[in-house]
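J.: One structure coming up, written as structure tokens, with questions to follow.
The values are calculated or read from the model by the stated rules, or taken from the named source; none is laboratory data. The structure displayed is predicted, hence computed values, not measured ones. With ideal geometry, Cβ positions are generated from the backbone for all residues, glycine too; neighbour counts draw on all protein chains shown.
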Amino acid sequence: MDQTIEKKTLKDKFFVWATKFANNRTIHIIANGFSRLLPITMIGTLVSLITIVDNYTNLLKNANLLQYVTLGDTMTNGIISIFLVAAMAYEMAKGIKKSPIAAILISLVCFFILTPMTSFTVKDSTVSAFTTTYLGSKGMFVGMVTALLATKLFAVFMDKGIKIKMPAEVPSAISESIASVFAFASVAFIFIIINGIFASTSFGSAHGFVYAILQKPLEGASDSIWTMLIIACLGELLWFFGIHGSNATSAITNTLYLPLSIANAQALAVGTSLPYILNSYFLVIWKCPTRHFIMAALLLWACKSKQLKAIGKVAIVPGFFGISEPMKYGIPMVFNPILLIPMVITPMISLVIAYVATVIGFLPRVGLNLPWYIPFPINGIMAGGWAGLVVEIIQCAVVVAIYFPFVKLLDKQKCAEEAEKEKQAAESLDK
Amino acid sequence: MYKITLACAGGFSTSMMASRMKEAAKAQGIDVDINAVAEEDIELYSDSDILLLGPQLGYRQQELQKDFSMPVLVINFQDYGSMNGKNVLNDAISKIKGDK
């Protein structure tokens with residue numbers, strides 16, 4: 001009894017922290033905004049798959065069709081920042097209860113105001129154009145901040161902006177329309193000024209400034225395996241407290257790693273070398289989603305406890321597709337000190353194995369967005385061919401070795417509990 | 001008819017729960033409309049009689065209750081682990097009835 005009270009206060013303390021963090025409106029909006037991009041990045045992944053297959057068959061290349069297929073990458077990953085602006089503005093508008101379409105439009109206007117244009121001459125006619133540099137992965141940070149800021153400013157001007165007094169005869173729709181036009185124009189003008197300030201610096205534009213001062217150093221931090229291990233560890237610790245870990249940390253993960261994933265995806269689609277080892281696609285595929293299946297299999301086939309066997313039975317099929325909730329809440333793994341250690345260290349060790357394998361050149365870098373529900377061994381093979389399969393098998397062996405003693409210990413405990421219960425039941429029957 | 005919506009991070013594990021609940025409803029002859037959705041799409045189902053959150057999303061309960069007029073409940077830990085659709089369905093219905 002004492003123990004449960006103690007756990008509760010610990011949980012409460014953690015809940016205060018986690019709730020503050022994960023319920024923070026901005027963090028939550030950012031997380032949802034990124035998750036809206038999934039279908040778009042998946043188009044890029046499909047194009048990459050076609051390109052990879054075509055490298056062997058050369059069917060499309062010889063028929064001169066590959067250039068059309070890669071449009072599916074150029075118009076998705078290649079200009080991802082535009083879609084990010086729309087998604088972020090939508091989520092921000094939802095969060096602060098304002099018109100989503102107005103938020104999307106003003107945010108796009110502001111984003112394009114900040115994005116530098118070039119002009120050049122083709123056959124005597126002058127062409128003005130956006131280079132795709134800052135519309136793609138390099139513009140994501142500016143896109144995110146622009147959408148959040150522009151939508152917020154728009155809301156402020158709509159709520160507290162100058163209300164022009166109209167005679168009572170003027171229909172209210174007209175004064176509302178004027179207020180909206182005024183808010184649009186004010187926000188756009190603020191961004192025109194921001195752009196003017198950055199354009200007069202040596203960075204040339206807000207994009208140039210943010211990329212040099214923020215995104216580039218962040219990419220440096222992201223390139224360290226330690227950053228990724230800390231994120232993975234945090235995610236599993238949150239699970240210990242019953243909070244969906246990767247969901248709660250997705251705002252951080254995507255801000256740090258999605259631009260790197262997109263850059264890799266683009267390189268893969270056109271067949272150049274992939275610039276980054278660590279990225280968000282790497283994190284998903286190489287923290288060993290198969291570990292949930294392994295855990296369920298251990299419960300089902302290595303345990304004697306009736307309860308654990310029953311949970312294994314419920315959990316084995318979902319586990320095969322990377323779903324762990326039946327075990328998280330059934331055993332439960334939540335608040336379970338025995339299973340905390342393997343739960344936290346298996347994804348971290350898996351990441352280290354894949355990282356080392358990539359650094360030594362054995363495993364190819366990841367540029368495909370492979371959702372976590374793709375089962376073993378398809379996920380490993382898709383991510384790294386036969387080398388991917390080898391790495392995945394090594395990871396699984398290590399996961400089994402780490403989980404086994406802890407599961408056995410748990411089994412022993414549960415068996416003793418069950419025997420005690422049976423004994424009590426038998427005694428009460430005797431009386 | 002009861003309109004029940006379940007939500008978790010991506011709508012994956014709650015979709016398992018939703019199908020268990022549908023089976024239970026069928027067995028008991030209860031007319032229900034049960035959907036499992038990702039957290040960011042809850043809005044599309046804001047006219048439900050009740051919103052049930054997977055325990056992994058329990059930390060969002062208070063915030064979501066502020067946003068929606070439907071009652072927001074966190075699914076019981078044990079029932080979620082054992083995917084006990086019958087218990088969750090009955091809890092949800094008695095909550096809906098209690099509110100009316």
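J.: Among B:L57, B:L64, B:L44, which is in contact with a Cys (Cβ under 8 Å, 6 or more places away or on another chain), more than 16 Å from B:R20 (Cα to Cα) and part of a helix (DSSP H, G or I)?
T.: It is B:L57.
J.: Conditions first: (1) in contact with a Gly (Cβ under 7 Å, 6 or more places away or on another chain); (2) in a helix (DSSP H, G or I); (3) under 26 Å from A:F240 (Cα atoms). A:W372 passes all but one, so which condition is the exception?
T.: Looking at each condition in turn, A:W372 falls short on (2).
J.: Check off (1) modelled with pLDDT under 80; (2) among the hydrophobic types (A, V, I, L, M, F, W, C); (3) touching an Asp or Glu at 6+ places or on another chain (Cβ under 6 Å) for A:F21 and give me the number that stays unchecked.
T.: Tallying (1) modelled with pLDDT under 80; (2) among the hydrophobic types (A, V, I, L, M, F, W, C); (3) touching an Asp or Glu at 6+ places or on another chain (Cβ under 6 Å), A:F21 fails exactly one: (3).
J.: Just one of the numbered conditions (1) in contact (Cβ under 8 Å) with a residue 24 or more places away in the chain; (2) within 30 Å of A:N279 (Cα to Cα) is not true of A:F209; which one?
T.: A:F209 satisfies all of (1) in contact (Cβ under 8 Å) with a residue 24 or more places away in the chain; (2) within 30 Å of A:N279 (Cα to Cα) except (1).
J.: For segment A:111-152, what are the residues that are closer than 16 Å to A:I101 by Cα and crowded, with 20+ Cβ neighbours inside 10 Å?
T.: Listed by number, the residues that qualify are A:F111, A:T146, A:A147, A:L148, A:A150, A:T151.
J.: Moving to a separate point now. Please determine, by comparing only the residues of segment A:383-416 that are touching a residue at least 24 places away in the same chain (Cβ under 8 Å) and among the charged types (D, E, K, R), which one is nearest to A:M343 (Cα to Cα).
T.: Among those residues, the one meeting the criterion is A:K408.
J.: Go through segment B:67-89 residue by residue and tally those that are outside any helix (DSSP H, G or I), within 10 Å of chain A (Cβ to nearest Cβ) and among the aromatic types (F, W, Y).
T.: 0
J.: Being more than 20 Å from A:Y329 (Cβ to Cβ), touching a residue at least 24 places away in the same chain (Cβ under 8 Å), surrounded by 19 or more Cβ atoms within 10 Å (Cβ to Cβ) and acidic (D, E) is the filter here, so list the residues in segment B:5-51 that pass it.
T.: B:D49
J.: Still on this structure, please answer the following. How about segment A:328-369: which of its residues are in a helix (DSSP H, G or I) and polar (S, T, N, Q)? First the steps, then the outcome.
T.: Looking only at segment A:328-369, we keep the residues that are in a helix (DSSP H, G or I), and these are A:328-330, A:337-359.
Once the filter is applied, which keeps residues that are in a helix (DSSP H, G or I) and polar (S, T, N, Q), segment A:328-369 yields A:T346, A:S350, A:T358.
J.: Does segment A:237-263 hold any residues that are assigned to a helix (DSSP H, G or I), closer than 22 Å to A:N369 by Cβ and either touching a His at 6+ places or on another chain (Cβ under 8 Å) or of a type outside the set (S, T, Y) (or both), and which are they? Can you show your working first?
T.: Initial filter on segment A:237-263 (assigned to a helix (DSSP H, G or I)): A:237-240, A:245-248, A:250-263.
Then drop every residue that is not closer than 22 Å to A:N369 by Cβ, which leaves A:245-248, A:250-263.
If the condition is that a residue be assigned to a helix (DSSP H, G or I), closer than 22 Å to A:N369 by Cβ and either touching a His at 6+ places or on another chain (Cβ under 8 Å) or of a type outside the set (S, T, Y) (or both), then A:G245, A:N247, A:A248, A:A251, A:I252, A:N254, A:L256, A:L258, A:P259, A:L260, A:I262, A:A263 are the ones that fit.
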